[in-house]
Amino acid sequence: MFVIFTSCETRSTRITYPLPDFNMNTPTRHLPRLLALAALFSSSAAFAEADLSEAFLPMFQPLPAQASAPGNELTEAKINLGRQLFFETRISAGGAMSCNSCHKLDTYGQDNLPFSPGHEGKLGGRSSPSVYNAALHLAQFWDGRAPSVEEQAKGPVLNPVEMGMPSASFVVRVLKSIPGYVTSFKAAFPGEADPVTYDNFGKAVGAFERKLLTPSKWDAFLRGDKNALTDEEKKGFSTFATTGCVTCHNGVGVGGAMYQKLGLAKPWPGLKDNGRSEVTKNPAEKAFFKVPSLRNITETAPYLHDGSVKKLDEMVKKMAEHQLAKQLTDEQTASIITFLKTLKGDLPTDYIKAPQLPESGPDTPKA
Ligand code: HEC
Ligand code: HEC
């Protein structure tokens, strides 16, 4: 029996599946075996298309109702506070940026730009990923440098090219000067003597993000409704699976569960970003990135950490060529995209409505 890490409400959640020995956190060793499995299935006439998809289904899980959080209970008070903080611009230098500026919740949690203009229009070196379903990833950022959404949320506020605040203590000063926030932090963190802290800011935003989930017909299918997908869509899944995409894009996010090298089979042209190796200082992980989730992928162009690929058909063909050493026909590419479209979920329209923000106090400082 073998062990697969699910992409992780808690990173210790393990589920056993009847699949080849394949550990998603150190996948490279096992990749050849899984690719061999895919090749075996794709060349075996004994398998009908329907059987094919069935064989790969255990690699996927439907979205849970919430991305549960060890150490961060998801209470309504905390989530409501987190929603306000997500839309809060007074915690940015210049008072113009919020999380929602780059992760627009009504456009699938991102901004459809290669790079996002932050404080004073400055551009960072990476494209904004979606915040939807992100809490389920094995870690946050393209290089996985933050372990959780709670930790991640504390980064952009102080990042000079994002929200540009001078320090965590300055952010806390702003929050403490707004009477409505003092009340809300008390309600969200009951029993704490000094609830308005930068850590609790991260926890509240994280709690809000843990319910930013977009279930789609793919989830209905995985939950057992075999009619949730059309025959064309099921065929698309077979093409996706037997081409080998599932070796990296799997789990609850159809991605987000491991790091992999960009250009594994054939070097990626013009790659400047070292990715994961900058975090781990392990040269063997140069050009490794978190395998992105493919949920809502039709809505989140441009693609890759640098937003360098604009079209989904081009992206799919490049993936086949550079990750799997395969050339896809237009027909195969279209078939894969037919499957990818099933990953487009519904936005939780009520949950993401811009909240009313509490009024500034007499001494609310500006950065
Ligand atoms: C100026 C634009 C900008 C702002 C403002 C911003 N972000 Fe981001 N966000 C990014 C970029 C760019 C990345 C990717 C950076 C990287 O991987 O190195 C990112 C990454 C993330 C991720 C990781 C998602 C994943 O799949 O790895 C989350 C979650 C996130 N941001 C949440 C937030 C929250 C919460 C706030 C507000 C506190 C915020 N962001 C503010 C641009 C922004
Ligand atoms: C060996 C692992 C691996 C395989 C196999 C693989 N991918 Fe990827 N994929 C990645 C990585 C890593 C990235 C992100 C690289 C980056 O951002 O620079 C990525 C990015 C993508 C993206 C862009 C996502 C985004 O949000 O920008 C799409 C779409 C995609 N892959 C689809 C596919 C398809 C379709 C296949 C099969 C033809 C496939 N991938 C095979 C590892 C893989």
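Suppose we keep only residues that are over 18 Å from L123 (Cβ atoms) and in contact with a Ser or Thr (Cβ under 6 Å, 6 or more places away or on another chain) within the range 72-104. Which one would you say is nearest to ligand 2 (Cβ to nearest atom)? The qualifying residue nearest to ligand 2 (Cβ to nearest atom) is F87.
Is at least one residue of the range 286-295 hydroxyl-bearing (S, T, Y), within 8 Å of ligand 2 (Cβ to nearest atom) and under 18 Å from N250 (Cα atoms)? Scanning the range 286-295, I find at least one residue that is hydroxyl-bearing (S, T, Y), within 8 Å of ligand 2 (Cβ to nearest atom) and under 18 Å from N250 (Cα atoms), so the answer is yes. Do the conditions hold for K234, that is, is it more than 9 Å from ligand 2 (Cβ to nearest atom), among the basic types (K, R), surrounded by fewer than 18 Cβ atoms within 10 Å (Cβ to Cβ) and not assigned by TED's automatic domain parsing to the domain that holds V157? For K234, the condition - more than 9 Å from ligand 2 (Cβ to nearest atom), among the basic types (K, R), surrounded by fewer than 18 Cβ atoms within 10 Å (Cβ to Cβ) and not assigned by TED's automatic domain parsing to the domain that holds V157 - is not met.
Just to confirm my filter: which helices (runs of 4 or more DSSP H) fall fully inside the range 274-367 and include at least 2 residues that are among the β-branched types (V, I, T)? Give the derivation first.
Numbers: elements: 277-280, 312-324, 330-341.
In the range 274-367, the matching helices (runs of 4 or more DSSP H) lie at 277-280, 330-341.
Being closer than 20 Å to L63 by Cα, in contact with a strand residue (DSSP E or B) (Cβ under 8 Å, 6 or more places away or on another chain) and not in a helix (DSSP H, G or I) is a description that does not apply to L74.
Rundown of residues vs (1) closer than 24 Å to P348 by Cα; (2) touching a Ser or Thr at 6+ places or on another chain (Cβ under 9 Å); (3) surrounded by fewer than 18 Cβ atoms within 10 Å (Cβ to Cβ), yes/no style:
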{"residue": "I178", "(1), (2), (3)": "no, yes, no"}
{"residue": "S184", "(1), (2), (3)": "yes, no, no"}
{"residue": "A187", "(1), (2), (3)": "no, yes, yes"}
{"residue": "E192", "(1), (2), (3)": "no, no, yes"}
{"residue": "V196", "(1), (2), (3)": "no, no, no"}
{"residue": "A204", "(1), (2), (3)": "yes, yes, no"}
{"residue": "L213", "(1), (2), (3)": "yes, no, no"}
{"residue": "S216", "(1), (2), (3)": "yes, yes, no"}
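Checked against the criterion of being at pLDDT below 95 and either closer than 24 Å to T280 by Cα or among the hydroxyl-bearing types (S, T, Y) (or both), the candidates P160, P129 yield just one match: P160. When restricted to residues that are exposed (fewer than 15 other Cβ atoms within 10 Å of the Cβ) and hydroxyl-bearing (S, T, Y), the range 315-367 contains 3. Restricting the range 116-140 to residues that are assigned to a helix (DSSP H, G or I) and within 8 Å of the chain's Cα centre (by Cα) leaves a set whose member that is nearest to ligand 2 (Cβ to nearest atom) is A134.
When the range 167-214 is filtered for residues that are more than 14 Å from S148 (Cα to Cα) and acidic (D, E), the ones remaining, listed by number, are E192, D194. Counting only residues that are among the acidic types (D, E), crowded, with 17+ Cβ neighbours inside 10 Å and away from ligand 1 (no atom under 14 Å from the Cβ), the range 271-313 holds 2 of them. Being buried (at least 21 other Cβ atoms within 10 Å of the Cβ) and at pLDDT below 95 holds for only one residue in G124, G118, and it is G118. Taking residues in the range 302-326 that are more than 18 Å from G256 (Cβ to Cβ), and partners anywhere that are modelled with pLDDT under 95 and assigned to a helix (DSSP H, G or I), the pairs with Cβ atoms closer than 8 Å and at least 6 places apart or on different chains are L324/L35.
Looking only at helices (runs of 4 or more DSSP H) that lie completely in the range 141-247, which have at least 2 residues being of a type in the set (D, E, K, R), touching a residue at least 12 places away in the same chain (Cβ under 8 Å) and away from ligand 1 (no atom under 16 Å from the Cβ)? Before you say what the answer is, go through the steps one by one.
On the way: elements: 149-152, 154-158, 168-176, 179-188, 198-209, 217-222, 231-243.
Passing ranges, in order: 168-176, 217-222, 231-243.
Determine whether the range 258-270 contains at least one residue that is among the hydroxyl-bearing types (S, T, Y), farther than 30 Å from A65 by Cβ and buried (at least 18 other Cβ atoms within 10 Å of the Cβ). Among the residues of the range 258-270, not one is among the hydroxyl-bearing types (S, T, Y), farther than 30 Å from A65 by Cβ and buried (at least 18 other Cβ atoms within 10 Å of the Cβ), which makes the answer no.
Only residues that are surrounded by 21 or more Cβ atoms within 10 Å (Cβ to Cβ) and assigned to a helix (DSSP H, G or I) were counted across the range 85-115, and they come to 5.
The values are calculated or read from the model by the stated rules, or taken from the named source; none is laboratory data. Bear in mind the structure is a predicted one, so any value in this text is a computation, not a measurement. Counting neighbours? That spans all protein chains shown, and the Cβs are built from the backbone with ideal geometry, glycine included.
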